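The values are calculated or read from the model by the stated rules, or taken from the named source; none is laboratory data. Keep in mind that this is a model prediction, so the values were computed, not measured. Glycine also receives a Cβ, built like all others from the backbone with ideal geometry; neighbour counts cover every protein chain displayed. Side chains are part of the model used for accessible areas, which takes the heavy atoms of the whole protein and leaves out ligands, DNA and RNA. Shrake-Rupley method; radii C 1.70, N 1.55, O 1.52, S 1.80 Å.
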Amino acid sequence: MSTSKLLMIPGPIEFHPKVIEALGKPTLSHTDPAFIESFGNALYLMRQVWLEPTGQPFVVAGSGTLAMDMAACNLIEAGDKALVVSSGYFGQRYADILKRYGAEVTILEAELGEVVTPEEVDAALSKDNYKVMTFTHVDTSTAVLMDAQAMGFLGHKHNVLTILDGVCSVAGEEIRQSEWGLDVVITASQKAIGVPPGLALMVASQRAIKAWNSRKTPVGNYYCDWSNWWPIMQAYENGNPSYFGTPPVNLIQALEVSLELMLEEGMNARFERHRKLAAEFRKAMTDMGLKIIPKSEAIAANTLTAPYYPEGINGGEFIGKVNQEGVVIAGGLLGAIRNQYFRVGHMGIVSQEDIDTTVKAIKVALGK
Ligand code: PMP
């Protein structure tokens, strides 16, 4: 592995050596038959990882914010109503993005460490005629997990398109896009997908594609317009090269490798591994007397944990001491409390050994 320290922040994470190897290969032409095959296969495998056999995958160069932007601009026309269900920092970002495309946005904001309940979402959706609802599956600022299945159900009940911000959840938390009726499930490469930063990823349901096809006005973003990318994805999956913007060749080849590794493990086994290691990590934190942000186990994320510092501890110094023990963790992100807590990512190829090493480093640092 390239880093000598164990990278346990909520993305980027530790990557599998085979993924890094794919990145380091000589770059092929984007029209090379070997690359066409890799790209087509990556798209094919995404449907299996997202558990959405009839969806349309999109892979473009960019970060998770671009994926959020792409989902929003293709589904929103000026004047459409959008409901943002927020449990931390990234809900506000989605509201800002939706407003750029002229949406009338209502935000339902959870109390710190809580979620907006499905009952509250149901009530809000009953009150107005929304076209789109977004929610952050795992908010990376609070480590709070929302019930994605309930959101998908409510989206269908109220005939509202659901966008799941899965930047900190896809391929770590259980998501069954098709079975749960979720319309666009977005993520980025650097977290549980297990590929260095640089890819914006999503799978759109047929219902989302139909809504996009029924637009009356052009998409208000040139780079993100599905009209530009849809034919490219189709072409590569059909074994033909095509061009709109130069694809990030090495990253896409690394994506193919990472998706293959995931499916070798099996999605159910992968979800279970994340649940088990996360529960152990949370228990280790609470056993040390640390309080975590999510108010109950049922809404605690399995991809990261956000514990408060014990009283009298200087956060910066503590993170530095954990670092001296060979483990990199992250500070807080949520404005008002950012200096009161830290964050530890445990997703992707994370192992029991990684959890044990991290718990030990935290214990030693606290002791000091
Ligand atoms: N949504 C969530 C839940 C995230 O955790 C992040 C990144 N931490 C983003 C969106 C934005 O992704 P990026 O930083 O890759 O633009």
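Using a 1.4 Å probe, what is the accessible area per residue for segment 258-368, in Å²?
Counting only protein heavy atoms, the per-residue value for segment 258-368 is 46 Å².
Computing the accessible area with a 1.4 Å probe over protein heavy atoms, can you report the carbon and sulfur percentage for the chain? Spell out each step's value before the answer.
On the way: 7720 of 14840 Å².
The value for the chain is 52 percent carbon and sulfur by accessible area.
Along each of the three principal axes of the Cα atoms of segment 226-352, give the extent in whole Å, ordering the values from largest to smallest.
60, 31, 29
What's the magnitude of the charge dipole for segment 119-159 around its Cα centre, counting Lys and Arg as +1 and Asp and Glu as -1 at the beta-carbon? Answer in Debye, nearest 20.
Values: 3 positive and 6 negative charges, 41 e Å.
Here the size comes out at about 200 debye.
How charged is the neighbourhood of Pro231? Take every other residue with its Cβ under 14 Å from the Cβ of Pro231, and add Lys/Arg as +1 and Asp/Glu as -1.
-2
In Å, what is the Rg of the alpha-carbon atoms in segment 91-147, and how long is Dmax?
Expressed in Å, the Cα Rg and Dmax of segment 91-147 come to 11.7, 30.
For the pair Asn323 and Gln340, how long in nm is the line joining their label points, each one 7 Å along Cα→Cβ?
2.5
Please get the size of the charge dipole for the chain, origin at its Cα centre, with Cβ charges of +1 on Lys and Arg and -1 on Asp and Glu, quoted in debye to the nearest 20.
Numbers: 31 positive and 40 negative charges, 82 e Å.
Roughly 400 debye, rounded to the nearest 20.
Rank Ala301, Thr286, Pro247 by how far each Cα sits towards the positive end of the charge dipole of segment 246-310 (+1 on Lys, Arg Cβ; -1 on Asp, Glu Cβ) and give me just the farthest.
Farthest along the dipole direction, towards plus: Thr286.
Under a 1.4 Å probe, what is the accessible area of segment 57-118 per residue, stated in Å²?
Numbers: 2130 Å² over 62 residues.
On a per-residue basis, segment 57-118 sits at 34 Å².
Work out from phi, with θ = phi - 60° and the Karplus expression 6.51 cos²θ - 1.76 cosθ + 1.60, the ³J(HN,Hα) of each residue of segment 184-201, listed in order in whole Hz, and give x for Gly and Pro.
Residue by residue, segment 184-201 yields 10, 10, 10, 7, 9, 6, 7, 9, 4, 5, x, 10, x, x, x, 10, 9, 10 Hz.
With +1 on the Cβ of every Lys and Arg and -1 on the Cβ of every Asp and Glu, and nothing else charged, how large is the dipole of segment 1-127 about its Cα centre, in debye rounded to the nearest 20?
Working: 9 positive and 16 negative charges, 96 e Å.
With Lys and Arg at +1 and Asp and Glu at -1, about 460 debye.
Let me test this: with uniform point scatterers at the alpha carbons of segment 6-120, what is the Debye-based log₁₀ I(q)/I(0) at q = 0.13 1/Å?
Computed log10 I(q)/I(0) values: -0.79.
Hey, what do the phi angles of segment 217-234 turn into as Karplus ³J(HN,Hα) couplings, whole Hz, using 6.51/-1.76/1.60 and θ = phi - 60°, x for Gly and Pro?
Along segment 217-234, the couplings run 10, x, 5, x, 8, 5, 4, 8, 4, 4, 4, 7, 9, 4, x, 5, 4, 4 Hz.
With bins 20 Å wide starting at 0, give me the P(r) of the chain over every alpha carbon pair, in whole percents.
With a bin width of 20 Å, the distribution comes to 31, 57, 12, 0.
Need one word for segment 157-267: rounded, prolate or oblate. Basis is the Cα gyration tensor (sqrt eigenvalues a ≥ b ≥ c); a/c below 1.5 gives rounded, then a/b vs b/c decides. Each step should come with its number before you reach the end.
Numbers: a/c = 1.85, a/b = 1.12, b/c = 1.65.
Oblate, because a/c is 1.5 or more while a/b does not exceed b/c.
Divide, for segment 95-241, the radius of gyration over alpha carbons by 2.2 N^0.38 Å, where N is the residue count.
Details: Rg = 15.9 Å, N = 147, 2.2 N^0.38 = 14.7 Å.
So the Cα radius of gyration is 1.09 times the expected 2.2 N^0.38 Å.
How big is the antiparallel share of DSSP beta bridges in the chain, given as a percent to the nearest 5?
50
Which of the listed residues, Pro10, Thr134, Asn74, is farthest toward the dipole's positive end in the chain, when Lys, Arg count +1 and Asp, Glu count -1 at the beta-carbon?
Of the options given, the answer is Pro10.
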